[in-house]
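Written out below as structure tokens is the structure these notes cover.
The values are calculated or read from the model by the stated rules, or taken from the named source; none is laboratory data. Here the structure is a predicted model, which means the values were calculated and not measured. Positions of Cβ are generated from backbone atoms using ideal geometry, with glycine treated the same way; all protein chains shown enter the neighbour counts.
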Amino acid sequence: MNVPRLQKEYKERITKALLEEYGYKSIMQVPKLKKIVVSRGVGAAVTDKKLIDYAVEELTNITGQKAISTISKKDVAAFKLRKGMPIGAKVTLRNDKMYEFLDRLITVALPRVRDFQGIKPEGFDGRGNYNLGVTEQIIFPEIDFDKINKINGMDITFVTSAQTDKEAKSLLTEFGLPFKKKK
């Protein structure tokens, strides 16, 4: 069976590095990457329902797993939004698909960002999870330039089992996420 490169690296190298760095007593205390959620809000979907289909198709192509449309939870009159209307798309990645997506994100997609200086280290939520905003979906090689109707961004959330942001940052840095260095 083919094991994703980063999953193998986590088991062989990253767990040992984090054990030494934080002095955990057991290998079970070492933080893990639980899931990656890739989502996109499509505000214009209120007027054009086809935009949701485009968003779902693009996220499915990028992640290799079927995306679902998200629906609004309440009415917002200012946006002409009704409860139950589709307003976005998301996909939750776990296990092999998660590691394969992370590998492609680090090695292929992020280096294609124009004027890339690294990702902001401020995206942690205080509970060991990290949020990353991507402004253009065209950094992913799975996206065909000819089929794009609009440049859209997306949010990528890394959910870890780390207790603190410092542990989560160490874990994601070991995986190879290029955080900006503080000046």
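Considering the range 53-111, and only residues there that are among the basic types (Lys, Arg) and closer than 18 Å to Leu6 by Cα, the residue that is surrounded by the fewest Cβ atoms within 10 Å (Cβ to Cβ) turns out to be Arg94. I'd like to check something: does the range 75-92 contain any residue that is part of a helix (DSSP H, G or I), at pLDDT 75 or above, under 25 Å from Ala162 (Cβ atoms) and not charged (D, E, K, R)? There is no residue in the range 75-92 that is part of a helix (DSSP H, G or I), at pLDDT 75 or above, under 25 Å from Ala162 (Cβ atoms) and not charged (D, E, K, R).
Would you call Phe158 closer than 26 Å to Ala55 by Cβ, touching a Phe, Trp or Tyr at 6+ places or on another chain (Cβ under 6 Å) and at pLDDT 80 or above?
Numbers: closer than 26 Å to Ala55 by Cβ: yes; touching a Phe, Trp or Tyr at 6+ places or on another chain (Cβ under 6 Å): yes; at pLDDT 80 or above: yes.
Taking the combined requirement at face value, the residue satisfies it.
Name the one entry in Leu6, Leu59, Leu51, Leu110 that is under 17 Å from Thr160 (Cα atoms) and of a type outside the set (D, E, K, R). The unique qualifying residue is Leu6.
There is no residue in the range 56-63 that is modelled with pLDDT of 75 or more and outside any helix (DSSP H, G or I).
To keep it simple, each residue is scored yes or no on (1) β-branched (Val, Ile, Thr); (2) at pLDDT 75 or above.
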residue	(1), (2)
Ala109	no, yes
Phe116	no, yes
Lys120	no, yes
Phe124	no, yes
Asn129	no, yes
Thr135	yes, yes
Ile139	yes, no
Glu142	no, no
Ile148	yes, no
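Pairing residues of the range 143-160 that are closer than 10 Å to Glu58 by Cβ and surrounded by 10 or more Cβ atoms within 10 Å (Cβ to Cβ) with residues that are modelled with pLDDT of 75 or more and polar (S, T, N, Q), at Cβ distances under 7 Å and at least 6 apart in sequence or on separate chains, gives Ile143/Asn61; Met154/Ser39. Per the listing Ile52, Ile106, Ile36, Ile14, the residue uniquely within 15 Å of the chain's Cα centre (by Cα) and in a helix (DSSP H, G or I) is Ile106.
Residue selection: Val37 fails the criterion of being touching a helix residue (DSSP H, G or I) at 6+ places or on another chain (Cβ under 9 Å) and either among the aromatic types (Phe, Trp, Tyr) or within 24 Å of Tyr130 (Cβ to Cβ) (or both).
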